[in-house]
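The values are calculated or read from the model by the stated rules, or taken from the named source; none is laboratory data. Bear in mind that the values here come from a model prediction, so they are computed numbers and not experimental data. Backbone-built Cβ (ideal geometry, glycine too); neighbour counts: all protein chains shown. In case anyone asks, the SASA skips ligands and DNA or RNA and just uses the protein heavy atoms, side chains included. Shrake-Rupley method; radii C 1.70, N 1.55, O 1.52, S 1.80 Å.
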Amino acid sequence: MASTLHSFASAADLAGSLADKVADTLSAAIAARGTASIAVSGGSTPKAFFQALSTRDIAWEKVTITLVDERFVPADNPRSNHLLVDANLLQNKAKAARFLPLYQDVASVEEAARLATEKTKAISSPFDIVILGMGGDGHTASFFPGGSNLAKAIDASTPRGIITMEAEGAGEPRLTFTFSSLEDAALLVLHIEGEGKKDVLAKAEGSGDEAEMPIRAVLRRATSPVEIYWAP
Ligand SMILES: O=C1O[C@H](COP(=O)(O)O)[C@@H](O)[C@H](O)[C@H]1O
């Protein structure tokens, strides 16, 4: 499916515009079905967008928020994506939203993936909105180059749900929604910032293996159009 690049003069402009687009999409889903869902990414990029979105005036009590991926660490760990969402998105008006974490307080990451899959089944498919990020190594969600479960994660026939991932570039073991869970969101966004990420995107758009740059799976095979939001 084709992608569209939306370029902004500044990260602040991008954050405001993406927050407006997401708020409109959530409100439209609520008007149509009574509820709405969004899966967001962690990392360093989404902070300003989260803060802008948290102030938007929508029926947040009807919105379920979850994460595209998570580190296998509790929510008080500075590397937790849950912590980032708590501090920046689940604030202001968005405090009323329901948040479904991927991390589970159990002995193994495999058990956490199983439990998180069960719990997130309550969210209707497909997601209304998925916001992906991209690392400098071409990973998205926790689809890491060299990842222990990469082939399974990006195989379109792997069912919706959460699986584990371990990779050299990942730090802790990870929990990640599979490709099939994310690729058909009604609004599928790739949010990246900086000249370096633009270069990574250009490389990913070229030829080469998906295993080398897993973002290629999304750019090449997502059934929903990919809306790329970029600012310097
Ligand atoms: O590890 C992760 O990294 C990516 C990209 O993060 P960034 O810091 O380069 O913005 C992110 O999309 C993913 O959710 C996160 O777990």
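I need to check one value: relative contact order of the chain, counting alpha carbon pairs closer than 8 Å and at least 6 residues apart, in percent. Kindly include the intermediate steps, with their values, before the conclusion.
Working: 518 pairs, mean separation 57.8, N = 232.
Relative contact order, the chain: 25 percent.
Find the accessible area per residue for segment 3-211; the probe is 1.4 Å, ligands and nucleic acids are left out, and the unit is Å². Let's see the in-between values first.
On the way: 8680 Å² over 209 residues.
Here the residues of segment 3-211 average 42 Å² of exposed surface.
Calculate the spin-label point distance for S124 paired with N77, positioning each point 7 Å from the Cα along the beta-carbon direction, and give it in nanometres.
3.5 nm
Leaving out ligands, DNA and RNA, and with a 1.4 Å probe, what % of the accessible surface on the chain is carbon or sulfur?
Values: 4930 of 9490 Å².
Carbon and sulfur: 52 percent of the exposed surface of the chain.
Tell me which of I228, S27, A186 sits at the most positive position along the dipole axis of the chain, charges placed on C-beta atoms (Lys, Arg +1; Asp, Glu -1).
Result: S27.
Once R0 is set to 22 Å, what does the formula 1/(1 + (r/R0)^6) return for the Cβ-Cβ distance between D155 and E111, expressed as a FRET efficiency to the nearest 0.05?
Details: r = 22 Å, r/R0 = 1.02.
The pair D155/E111 has a calculated efficiency of 0.50.
Would you report the distance distribution of C-alpha pairs in segment 99-202 as whole percents per 5 angstrom bin, up to the bin with the largest distance?
So the P(r) values, bin by bin, are 2, 13, 20, 24, 21, 13, 5, 2, 0.
Tell me, what HN-Hα J-couplings in whole Hz come from the Karplus equation 6.51 cos²θ - 1.76 cosθ + 1.60 at θ = phi - 60° for each residue of segment 35-49, using x for Gly and Pro?
9, 8, 9, 8, 10, 10, 9, x, x, 8, 6, x, 3, 5, 4
With r defined as the distance between the Cβ atoms of Q91 and D209 and R0 fixed at 45 Å, what FRET efficiency is calculated, to the nearest 0.05? Spell out each step's value before the answer.
Details: r = 40 Å, r/R0 = 0.90.
It comes to 0.65.
Relative contact order for segment 1-93 using alpha-carbon pairs under 8 Å, separation at least 6, rounded to a whole percent?
Details: 113 pairs, mean separation 27.5, N = 93.
30 percent.
Jot down the radius of gyration and Dmax of the chain, Cα atoms only, both in angstrom.
16.2, 46
Going through segment 46-116, which trypsin sites (Lys or Arg not before Pro) have at most 14 other Cβ atoms within 10 Å and a DSSP loop state? Mind dumping the intermediate values first?
Working: sites: K47, R56, K62, R71, R79, K93, K95, R98, R114; in loops: R56, R79.
Here the trypsin sites (Lys or Arg not before Pro) that fit, given the DSSP loop and packing criteria, are R79.
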